[in-house]
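Scroll down for the structure; my scribbles are underneath it.
The values are calculated or read from the model by the stated rules, or taken from the named source; none is laboratory data. All values reported here derive from a predicted model rather than from experimental measurement. Backbone-built Cβ (ideal geometry, glycine too); neighbour counts: all protein chains shown.
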Amino acid sequence: MELIAREVDPGVVATAGPRYFGYVTGGALPAARVADLVDGCCSRAHEFAAQISNLPRCTVLNDVVINQVLFRFADDETTQAVLASVQASGEAWMGETMWDGRPAIRVSVSNWRTTQDDIRRTVAAFEHALADSG
């Protein structure tokens, strides 16, 4: 949240009294509650990056600053096969992207309901897909 506070208009994050993020949340959530929701997504992204980086031949490619994790496996074919397998499993959805001319996987934790168990299950889906890929 410190990054957001530095980058956003100080009047939005430092106003005395209740300030509401109607556009962001579609209604009447106080800024402090929105900050909690964003913090939760950011924390889950950090947890995901820490856990996924423990898988064999997996490299996290970015500094996890907010809610996105970019990673790949040792070779392009494995990265694409593992991603397709996890997508087909229905456990979680994430997209393929290109990083330095090579396929990578981008996970964005954007649902405030994402739990630590969701992160563990998603990493387990990657672990199983990686084992199945050879």
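Observations on the structure shown:
- Condition broken by SER108, with the remaining ones in (1) at pLDDT 95 or above; (2) touching a strand residue (DSSP E or B) at 6+ places or on another chain (Cβ under 7 Å); (3) closer than 18 Å to VAL38 by Cβ satisfied: (1)
- With respect to the conditions (1) among the hydrophobic types (A, V, I, L, M, F, W, C); (2) closer than 15 Å to TRP99 by Cα; (3) modelled with pLDDT under 95, CYS42 falls short on a single one, namely (2).
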